[in-house]
Amino acid sequence: MEGISMESVDRSTLRDISDVVIDMTRPCAERIKGYIEQIGNPYCYLDNGIVVEIGYADTQVSLHDRLLSYVSNIDNHSGNLW
């Protein structure tokens, strides 16, 4: 289900993440399975009626590196990006 175009997605087939309930008493693997069963496509779903599409870049740069870069560009006084 990866690679769905936001323009061509049928909103009626998407599930809203606000309807997902995670049982925190269950083991991690069961929580993940329950999430996938409830959300259907974890790459494209609704969040309060808004279509959300998640994708990942094929890159050697880690999330840690991206976050460090982002944080280093925030002005300490205003909290805004430069």
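The values are calculated or read from the model by the stated rules, or taken from the named source; none is laboratory data. Since we're looking at a predicted model, the values are computed, not measured. Methodologically, a virtual Cβ is constructed for each residue, glycine included, from the backbone with ideal geometry; neighbour enumeration extends over all protein chains shown. Surface accessibility is based on the protein's heavy atoms, side chains included, excluding ligands, DNA and RNA. Shrake-Rupley method; radii C 1.70, N 1.55, O 1.52, S 1.80 Å.
Summary table
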item: Residue selected from the range 31-61 under the condition surrounded by fewer than 12 Cβ atoms within 10 Å (Cβ to Cβ) and charged (D, E, K, R), by the criterion nearest to Ser8 (Cα to Cα); result: Asp47
item: Residue satisfying all of: in the range 7-25; open to solvent by 100 Å² or more (accessible area, probe 1.4 Å) and more than 14 Å from Gly40 (Cβ to Cβ); farthest from the chain's Cα centre (by Cα) among these; result: Thr25
item: Where Ser72 falls short, out of the listed (1) out of contact with any Phe, Trp or Tyr (no Cβ under 9 Å at 6 or more places or on another chain); (2) at pLDDT below 90; (3) within 30 Å of Arg11 (Cβ to Cβ); (4) not hydrophobic (A, V, I, L, M, F, W, C); result: (3)
item: Residue pairs meeting the criteria (Cβ under 8 Å; at least 6 apart or on separate chains; first more than 20 Å from Ile22 (Cα to Cα), in the range 35-59; second open to solvent by 70 Å² or more (accessible area, probe 1.4 Å) and not in a loop (DSSP other than H, G, I, E, B)); result: Val51/Arg11
